[in-house]
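**Q** Following this message is one structure expressed as structure tokens.
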Amino acid sequence: MKPLTAVLTAAGGRASYTLDGVPRIQEKPIGDLVDGLKQLGADRPGLLSEIFAVLTNHNCNIVAAEAWTHNTRAASVVYVTDHDTLGPINDNKKLTVMKEQLQNVLRGAEDSRGVKTNVSLGLTHKDRRLHQIMFADRDYEGFSDCSVDSKLNISIANCVEKGYSVVNIRCLDRPKLLYDIVCTITDMQYVVSHGTIDSDGPFANQEYYIRHMDKCTLDTEGEKQRVIKCLEAAIKRRSPQGIRLELCTTDRVGLLSEITRVFRQNGLSIANAGVTTQGEKAVNSFYVTNMSGGPMDMRIIEAVRNEIGKQILSVKDGAPIDASSGKRLRGIDVNMNSMPDVGMTLVVVALFADGVTAICDVANWRVKETERMVAVCTELQKLGADVVMGS
């Protein structure tokens, strides 16, 4: 049961699974295994669907929304009105309950960084607010494509005679690229003196002269690398991934909750979403991938369209899937003393994780019916794994 749970988590897939067995199985809880898999980076599908369901239960009408995902992080800005009054929700008690319920939904992901929700009048442009949210959440950490992506190059050098740091960016051109870059530089508290923008076929070339507000340049290599990572993240956040689906139908309370529920049940993961209303019409777009961030099987897409309605849900185009942007497992350092048997399952899953996984405090592996420490290490080495066995 435990290895099967781990394998299904690592493999992703197009559906949810319920694992059950004889009563004896239920006497061996696997909560610690689930927690460990989540630490490795296993995501929970359907998060946006659950958020929309909470808003529907409070009779909210979603008039606009934008949702981005990047580097296993997610952020959304949702504009809602009270369905009865068609205006802002002025009931503070209702707003408090909504916020608590949304936080409970987000906490269900066991996020080690914590979750954040906020209710406001929406004075900041939604795109810039999304950049600010993801920057504050440090979605740029552990993220760097420049070394492996020939279509993205960012460099920073100091121009001493002019007192500026020069940022050069070359990447695939797309709408709002300039906006995303300038907003990020500004939100990082740098001043843009001047810049140049050019295009070369499908590529955009941009150069910016920047410095701190106190007129100092970017002097340390660490600071330059941080800016590069933040700009990479800003470019990637809005870059479409997967198949683009468009929904156009009469707007009503609960529409998005129902649509995203169908997506979730069929194994569609929403990478980006844009929601608008035009009069009484809902005009929504979704970029979808499979649960592992890879391309969707078009047969599944057609099944979803049949369920929702082919006349209202259409396939517009597909964006190439960047293999490096799919959800990845990451190595962890974990003490498995409280549930040592699960450690052997995590050992197998760790083969698919980036980085080193260290499992400690499992000395009782050596005093089982076999010498499990030696057995596990021996079999992993046969598979080509780099294993260091402790004392």
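**Q** In nm, give the distance between the simple-model label positions of residue 280 and residue 93, each being 7 Å from the Cα along the Cα-to-Cβ direction.
**A** 3.4 nm
**Q** Sticking with this one: What's the Cα-based Rg to Rh of the stretch 131-233, Rh via Kirkwood?
**A** Looking at the stretch 131-233, the ratio lands at 0.94.
**Q** Please list, short to long, the whole-number percent of alpha-carbon pairs of the stretch 62-112 in consecutive 10 angstrom bins beginning at zero.
**A** With a bin width of 10 Å, the distribution comes to 19, 45, 29, 7.
**Q** Please list log₁₀ I(q)/I(0) at q = 0.11, 0.13, 0.20 Å⁻¹ for the stretch 233-350, using the Debye equation with identical point scatterers on the alpha-carbon positions.
**A** Debye output, listed in q order: -0.49, -0.62, -1.05.
**Q** Under a crude label model (7 Å from the Cα following the beta-carbon direction), how far is residue 168 from residue 307 in nanometres?
**A** 5.0 nm
**Q** DSSP loop GluC sites (Glu not before Pro) in the stretch 349-391 with at most 11 other Cβ atoms within 10 Å of their Cβ, which ones?
**A** 369
**Q** Assuming 0.36 nm per residue, please report the length gained on full extension of the stretch residue 371 to residue 81 beyond their Cα-Cα distance.
**A** Gain in length upon complete extension: 98.1 nm.
**Q** For residue 161 and residue 220, compute 0.36 nm times the residue count separating them, minus their Cα-Cα distance, and round to one decimal in nm.
**A** Extending this stretch completely gives an extra 19.5 nm.
**Q** Hey, with R₀ at 35 Å, roughly what FRET efficiency would residue 351 and residue 186 work out to, going by the Cβ-Cβ distance, to 0.05?
**A** Step by step, r from the Cβ atoms, then E = 0.25.
**Q** Give the ranking of 164, 190 by solvent-accessible surface, highest area first, calculated with a 1.4 Å probe.
**A** Reading off the accessible areas and sorting them downward yields 164, 190.
**Q** Computed FRET efficiency, Cβ-Cβ of residue 379 and residue 199, R0 51 Å: what is it to the nearest 0.05?
**A** My answer for the efficiency is 0.40.
**Q** Would you mind pulling out the separation of the Cα centroids of the stretch 332-391 and the stretch 223-252, in Å?
**A** 37 Å
**Q** Okay, moving on. Exceeding 30 Å between C-alpha atoms, which entries from my cross-link table qualify? They are 126/162; 126/281; 176/215; 94/229; 99/215.
**A** 126/162; 94/229; 99/215
The values are calculated or read from the model by the stated rules, or taken from the named source; none is laboratory data. This is a predicted model, so every value here is computed, not measured. Cβ sites come from the backbone with ideal geometry, for glycine too, and all protein chains shown count toward neighbours. Remember, those area values only see protein heavy atoms, side chains included, never the ligands or the DNA or RNA. Shrake-Rupley method; radii C 1.70, N 1.55, O 1.52, S 1.80 Å.
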